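The values are calculated or read from the model by the stated rules, or taken from the named source; none is laboratory data. Given the structure is predicted, the values throughout are model-derived calculations rather than measurements. Here the Cβ positions follow ideal geometry from the backbone for every residue, glycine too, while neighbour counts run over all protein chains shown. Only protein heavy atoms, including side chains, enter the accessible area calculation; ligands, DNA and RNA are left aside. Shrake-Rupley method; radii C 1.70, N 1.55, O 1.52, S 1.80 Å.
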Amino acid sequence: MTDASINASSTPEREAGFGDYFALLKPRVMSLVVFTAFVGLVAAPVHVNPIVGFCAILFIAIGGGASGALNMWWDADIDMVMKRTKNRPIPLGRVDRVEALQIGMALSGLSVMMLALATNIFAGAFLAFTIFFYVVIYTIWLKRATPQNIVIGGAAGAFPPVIGWLAATGSMSIEPWLMFALTFLWTPPHFWALALFMRSDYDDAGVPMLTVTHGRRSTRRHILAYTVLLVVFAVGAAFSGIGGPIYLAVSVVLNALFLRGAWRIFRRDEVASEADNFKVERGFFKLSLLYLFLHFGAILMEAVLKPYGFGGWG
Amino acid sequence: MSWRPIHELHRRRLGRNLGVGLALGAFVVIVFGLSIAKTQRGEIQRPGVAVSQGGMGN
């Protein structure tokens with residue numbers, strides 16, 4: 001681009017900095033991807049070379065970031081409407097939609113290819129499937145079509161520990177799917193609790209949310225149902241290869257608190273919630289953040305302590 | 001040598017170019033490190049070694 005064309009067509013607001021491109025990759029979502037994929041990789045019962053392990057996590061993170069860029073490309077229209085997303089690089093006019101598509105596609109290809117080369121073809125293929133699932137099945141197809149969008153999006157977010165495990169072992173077993181179930185079943189109660197106390201602007205954007213399509217009473221029932229299912233899988237995982245006494249203790253305490261929170265949300269009506277400004281729902285949401293972090297933290301502890309004879313069931 | 005004052009636009013562009021440059025540099029280092037790790041584990045063999053063992057590659 002010449003100086004003349006800069007002066008004619010660009011304004012400082014429209015020129016992207018490196019941080020704008022980085023923001024396209026949804027760094028906050030990426031941090032969850034990195035953490036859970038790392039736990040999946042470390043919990044696997046094989047030794048992984050530290051450099052190979054680092055590369056695996058890096059390329060899984062880049063794949064997750066690529067999905068984020070492609071999500072922003074497709075959702076640019078609704079991102080402009082919603083308060084929560086209108087400061088993203090595309091609505092701000094810093095990055096062009098086509099540029100986001102190009103970056104997303106390029107990083108998808110790079111991450112899949114490099115993960116396959118660094119670890120094995122199955123991990124690469126599964127990362128490709130995850131990107132496809134998040135972008136095509138969730139973002140393009142179902143996000144605007146069904147109020148169960150949170151459940152489907154949760155599945156996409158739950159794949160990283162499975163990819164981490166695959167990267168380490170090259171084969172599948174029950175344990176990575178228990179980690180998948182943990183994030184997958186945790187996502188709906190987490191987001192629906194948020195939807196109860198945040199007057200969501202998804203409605204303005206035409207995205208169906210359960211609170212709007214089926215009502216708030218039904219959302220409370222859904223939170224309890226998913227929490228009961230989650231408790232079964234979360235505590236059950238304690239008796240698998242990724243569990244152990246530490247995980248069991250952490251899981252029993254957290255699940256008891258989580259179930260209590262879901263039950264209280266179920267029992268409440270809107271009048272009671274409005275009266276204390278959704279105190280129970282807000283508390284449940286905060287607990288949910290700790291819940292996921294501590295469960296994966298406990299799995300990590302079990303795996304790290306295993307070589308010293310402390311982790312696992314011995 | 002330019003005597004024009006540096007505009008915010010130029011700063012942002014410089015930051016972007018530096019960021020992309022550093023990312024590419026990091027990528028080269030990562031691929032190099034990965035190659036070393038895989039060679040040491042015997043997953044990748046040097047061509048001379050592969051031929052001397054009667055194989056066309058790995």
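Around the Cα centre of the range A:10-159, unit charges on the Cβ atoms of Lys, Arg, Asp and Glu (plus for the first two, minus for the last two) sum to a dipole of about 360 debye.
Remark: the range A:173-314 carries 47 Å² of accessible area per residue (probe radius 1.4 Å; ligands, DNA and RNA excluded). The contact between chain A and chain B removes approximately 1800 Å² from the accessible area (both sides summed; 1.4 Å probe; ligands, DNA and RNA excluded). With the charge dipole of the range A:105-245 set up from +1 on Lys and Arg Cβ and -1 on Asp and Glu Cβ about the Cα centre, the Cα lying farthest toward the positive end among the listed residues A:171, A:109, A:160 is that of A:160. Normalised radius of gyration (Cα atoms, divided by 2.2 N^0.38 Å) for the range A:173-314: 1.17.
What translational diffusion coefficient, in µm²/s and rounded to a whole number, does the Stokes-Einstein relation yield for the protein assembly as shown at 4 °C and a viscosity of 1.567 mPa s, taking the hydrodynamic radius as the Kirkwood radius over Cα pairs? In µm²/s, the coefficient is 57.
In this structure residue A:263 has an accessible area near 120 Å², from a 1.4 Å probe over the protein heavy atoms.
Within the straight-line cut-off of under 18 Å between alpha carbons, the aspartates and glutamates reachable from residue A:143 are A:75, A:77, A:79, A:201, A:203, A:204, sequence neighbours fewer than 8 places apart in one chain being disregarded. Computed with a 1.4 Å probe on the full set of protein chains, the accessible area for residue A:269 sits at about 80 Å². Neighbouring Cβ atoms from other chains, within 10 Å of the Cβ of residues in B:7-17, number 5 on average. Of the listed residues A:99, A:302, the order by accessible area with a 1.4 Å probe, largest first, is A:99, A:302. Within the accessible area of the protein assembly as shown, the carbon and sulfur atoms contribute 69%, probe 1.4 Å, all protein chains present.
Surface calculation, 1.4 Å probe, protein heavy atoms: residue A:214 sits at approximately 110 Å² accessible. Taken over the Cα atoms of the range A:15-171, the convex hull encloses 101 Å³ per residue. Pick out, from A:31, A:130, A:251, the residue whose Cα sits farthest towards the positive end of the charge dipole of the protein assembly as shown, with +1 on the Cβ of Lys and Arg and -1 on the Cβ of Asp and Glu. Going by the charge dipole, the pick is A:251. The range A:178-234 and the range A:249-314 have their alpha-carbon centroids 15 Å apart.
Contact residues in the range A:39-72 by the 40 Å² criterion (accessible area, 1.4 Å probe, full protein complex versus chain alone): A:49, A:51, A:52.
The 1.4 Å probe gives accessible areas that order A:141, A:177, largest first, as A:141, A:177.
For chain A, adding -39500 (n - 2.57) for each run of n ≥ 4 DSSP H residues and dividing by the number of residues yields -23000 deg cm²/dmol at 222 nm.
Solvent-accessible area per residue in the range A:15-171 equals 39 Å², computed with a 1.4 angstrom probe and all protein chains kept. Using the Karplus relation 6.51 cos²θ - 1.76 cosθ + 1.60 with θ = phi - 60°, the per-residue 3J(HN,Hα) values for the range A:49-65 come to 4, x, 5, 5, x, 4, 4, 4, 5, 4, 6, 5, 5, 5, x, x, x Hz, with x marking Gly and Pro.
Across peptide B:37-44, the average count of Cβ atoms from other chains found within 10 Å of a residue's Cβ is 3. Figure note: A:216, B:41 ranked by solvent-accessible area, largest first, 1.4 Å probe, ligands and nucleic acids not counted: B:41, A:216.
Dipole magnitude for the protein assembly as shown: about 460 debye, using +1 per Lys or Arg Cβ and -1 per Asp or Glu Cβ, origin at the Cα centre.
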